[in-house]
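As structure tokens, the structure follows; a few thoughts come after it.
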Amino acid sequence: MIKLFKNFNKQDILIILICLVMIVFQVWIELKLPDYMSEITRLIQTDGSKMSEILEQGSYMLLCAFGSLASAIGVGYLASKLSASFSRTLRNKIFNKVEDFGMAEIKKFSTSSLITRTTNDVTQIEMLISMGLQMMIKAPIMAVWAVMKIIDKSIQWSMLTAAGVVILLSTVIALMIIVLPRFAKVQKLIDRVNGVTRENLTGIRVIRAFNAEEFQSNRFEEVNNDLTNTQLFNQRCFAIMNPMMNFVMHFLTLGIYFIGALMIVKAGMVEKVNLFSNMVVFSSYGMQVIMSFLMLAMIFMMVPRAQVSANRINEVLDETIDITDGQFNDEPKEKGTVEFKNVSFKYPDADEYLLKDISFKANKGETIAFIGSTGSGKSTLINLVPRFYDATDGEVLVDGINVKEYKQETLHNKIGYVPQKAVMFTGTVSENVSYGDNGRKKPSLDKIKKAIDVAQGTDFVTKMEDKYESHIARGGTNVSGGQKQRLAIARAIARDPEIYIFDDSFSALDYKTDAVLRKELKKYTKDATSLIVAQRIGTIMNADKIIVLDKGECVGIGTHKELLKNCEVYKEIALSQLSKEELDNA
């Protein structure tokens, strides 16, 4: 947790120092109250005392009370401001760190866990700072100061107070030993609840289509019950604190007055007045000592869970990112080329290679297609170009430069990427198409219209209520799958990149739209290099070069006609989709 607090800036430290001064002032005036109370008690029992003297001491008590209130309000405001500012900084750090994560790091933590760490775990730290700054500083100062005030009053009363403190501390330590291991479990269970809830929301159509609502409810109920039972156990343990605190406070008050009564009975007349006054003062200070340890106990209840959250946040912030920026940021000699040199790849936690010894080169203006059975490694192969993963062996070159040497921003500015699953963001049609930064001027409205037109989206966009300014819901839930895919293609076109990557990006289109789109796309992107992953033979048969993958290995490279003659795997795929006559006439 100390590691996280290094994120405090100079302004935060200044606020902490101001709070410290205000808390010391608050403790000082609160501990003055028993002195004034003792003086009032003495005046009441002294013959000849004037009412004005008693009212004067009472006025001082009121001033102390209002001073303590004002100080508490000020500290509360500053602590809330500090905790909110710190949590904002922490969320930004986590978000920016996750933005730099590669796919391997995201899979390691899981999406639901990263969401919990950015929200719930940060909230635990925020609560600790907000409440802890007030209690953690105030409690020990008040405890030490109050003990110094009463240490010379009576050895019997002091020992009684010490006994109360020991009972409280023993209770707190026992609770910490029992509950602490369960705090880590709570945060992991929150991850699981988030995971099941997220899966339920994203897969709601499939769940309903397969009448799986009861199955999902049972899954959620299971993780929800685990979380509830763990939290109930923790809260039941902490519920012991309140009756124990009341017992100690009442026991201490009763004990002080009982011992005081015995001492007064044995004392002389003069000593009786002083003893009674000291008993009232000691009782007040004793309560202050107990309240100090009560505040510490509350902090002890918060610290363990905050510590678990801090560890989880540090895990994200300390995670080593495998894919780091290179230094190359100049104009390379080549342009629009992609080359694989003996590239092999396996996932970090895998034993076997998914891709084995892949070599090819795509020149400027060429269209290179990839086809193969499911799981043959097509999508993984093209994901090595924008460095979503790094090749395990071999080199991936863009414009003759190893992709690992590029600054990632420079590399991504060269690429227009259309993923397998079209992704839409909350905003308008034009905002989605012009999304991102390509290192140049933002696309104009005319450019956006042209990109949508090439992607065969003009027809449905112009029929929308606000046309190019029509609202797109989060995830594109208010447009169809084919419409999302066309807008995703338009987004890549609007960037005017050197290299287009289409990861099975035509699968949701009907054959007619697919054919027209590819024809227009070929005209528009004639000077750019296109890498296309596809399942349909019709989508790729006109490619300049087709690479056939089978179990991660390249089993054929050539044109459509060449592969029909020379590659048995390609021929099987082609005959499974088209008749022999259609292939002969293609």
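The values are calculated or read from the model by the stated rules, or taken from the named source; none is laboratory data. Note that the coordinates shown come from a computational prediction; the quantities given were computed from them, not determined experimentally. Using ideal geometry, Cβ is built from the backbone for each residue, glycine included, and neighbour counts are taken over all protein chains shown.
Quickly run through the range 539-586 and pick out the residues that are in a loop (DSSP other than H, G, I, E, B), over 26 Å from Thr529 (Cβ atoms) and either modelled with pLDDT of 85 or more or of a type outside the set (Ser, Thr, Tyr) (or both).
The answer is Lys551, Leu578.
All but one of (1) in contact with a strand residue (DSSP E or B) (Cβ under 8 Å, 6 or more places away or on another chain); (2) farther than 30 Å from Ala515 by Cβ; (3) not in a loop (DSSP other than H, G, I, E, B) hold for Glu409; state the number of the condition that does not hold.
(1)
Scan the range 10-21 and give yes if some residue there is surrounded by 13 or more Cβ atoms within 10 Å (Cβ to Cβ), touching a Lys or Arg at 6+ places or on another chain (Cβ under 9 Å), closer than 30 Å to Ser309 by Cα and not charged (D, E, K, R), otherwise no.
yes
Count, please, the residues in the range 387-401 that happen to be surrounded by fewer than 18 Cβ atoms within 10 Å (Cβ to Cβ) and touching a residue at least 60 places away in the same chain (Cβ under 8 Å).
3
Rundown of residues vs (1) surrounded by 14 or more Cβ atoms within 10 Å (Cβ to Cβ); (2) over 18 Å from Ala239 (Cα atoms); (3) charged (D, E, K, R); (4) modelled with pLDDT of 80 or more, yes/no style:
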position	(1), (2), (3), (4)
Ile155	no, yes, no, no
Leu180	yes, no, no, no
Phe183	yes, no, no, no
Asp191	yes, yes, yes, yes
Glu199	yes, yes, yes, yes
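So which pairs qualify, if the first residue must be in the range 425-437 and under 14 Å from Gly475 (Cα atoms), the second must be of a type in the set (Gly, Ala, Ser) and assigned to a loop (DSSP other than H, G, I, E, B), the Cβ gap must be under 7 Å, and the two must be at least 6 apart or on different chains?
Thr426/Ala473; Thr428/Ser470; Val429/Ser470
Within the range 1-111, considering only helices (runs of 4 or more DSSP H) that don't extend past its boundaries, which have at least 3 residues that are farther than 30 Å from Gln408 by Cα?
In the range 1-111, 10-45, 51-99 are the helices (runs of 4 or more DSSP H) which contain 3 or more residues that are farther than 30 Å from Gln408 by Cα.
Look through the range 444-490, keep the residues that are assigned to a loop (DSSP other than H, G, I, E, B) and within 32 Å of the chain's Cα centre (by Cα), and return whichever of them is surrounded by the fewest Cβ atoms within 10 Å (Cβ to Cβ).
By that ranking, first place goes to Thr477.
Would you point out which residue out of Tyr389, Tyr417 is modelled with pLDDT of 85 or more and assigned to a loop (DSSP other than H, G, I, E, B)?
Tyr389
Would you be able to tell me the number of residues in the range 560-579 that are without any contact (Cβ under 8 Å) to a residue 60 or more places away in the chain and in contact with a strand residue (DSSP E or B) (Cβ under 7 Å, 6 or more places away or on another chain)?
Residues flagged as without any contact (Cβ under 8 Å) to a residue 60 or more places away in the chain and in contact with a strand residue (DSSP E or B) (Cβ under 7 Å, 6 or more places away or on another chain) within the range 560-579 amount to 4.
Would you check if Ala422 is within 28 Å of Met103 (Cβ to Cβ), among the hydrophobic types (A, V, I, L, M, F, W, C) and crowded, with 21+ Cβ neighbours inside 10 Å?
Yes, satisfied.
Need pairs with beta-carbon distance below 8 Å; first residue within 16 Å of Phe215 (Cβ to Cβ) and within the range 187-203, second basic (Lys, Arg) and assigned to a helix (DSSP H, G or I); sequence gap 6+ or separate chains.
These pairs meet every condition: Val196/Arg219.
Considering only the range 491-532, how many residues are surrounded by fewer than 21 Cβ atoms within 10 Å (Cβ to Cβ) and farther than 19 Å from Ala362 by Cα?
Residues in the range 491-532 being surrounded by fewer than 21 Cβ atoms within 10 Å (Cβ to Cβ) and farther than 19 Å from Ala362 by Cα: 11 in total.
Could you tell me whether the range 300-310 includes any residue that is at pLDDT below 75 and either in a helix (DSSP H, G or I) or crowded, with 17+ Cβ neighbours inside 10 Å (or both)?
Yes, the range 300-310 has at least one match.
So that you can scan it fast, the table gives a plain yes or no per residue for (1) closer than 26 Å to Leu384 by Cβ; (2) acidic (Asp, Glu):
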site	(1), (2)
Tyr468	no, no
Arg474	no, no
Gln483	no, no
Ala492	yes, no
Glu498	yes, yes
Asp503	yes, yes
Asp510	no, yes
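Can you go through Glu395, Glu352 and tell me which one is in contact with a Lys or Arg (Cβ under 7 Å, 6 or more places away or on another chain), not in a loop (DSSP other than H, G, I, E, B) and not hydrophobic (A, V, I, L, M, F, W, C)?
Glu395
Have a look at Gly416, Gly436 and point out the one that is among the small types (Gly, Ala, Ser) and either more than 28 Å from the chain's Cα centre (by Cα) or within 30 Å of Ile573 (Cβ to Cβ) (or both).
Of Gly416, Gly436, the one residue that is among the small types (Gly, Ala, Ser) and either more than 28 Å from the chain's Cα centre (by Cα) or within 30 Å of Ile573 (Cβ to Cβ) (or both) is Gly416.
For the range 25-63, give me each residue that is under 20 Å from Pro140 (Cα atoms) and either among the hydrophobic types (A, V, I, L, M, F, W, C) or at pLDDT 75 or above (or both).
Phe25, Gln26, Val27, Trp28, Ile29, Glu30, Leu31, Lys32, Leu33, listed by residue number.
With (1) modelled with pLDDT under 85; (2) out of contact with any Phe, Trp or Tyr (no Cβ under 9 Å at 6 or more places or on another chain); (3) surrounded by fewer than 19 Cβ atoms within 10 Å (Cβ to Cβ); (4) charged (D, E, K, R) as the list, and Arg536 as the residue in question, which single condition is left unmet?
With (1) modelled with pLDDT under 85; (2) out of contact with any Phe, Trp or Tyr (no Cβ under 9 Å at 6 or more places or on another chain); (3) surrounded by fewer than 19 Cβ atoms within 10 Å (Cβ to Cβ); (4) charged (D, E, K, R) applied to Arg536, the lone miss is (2).
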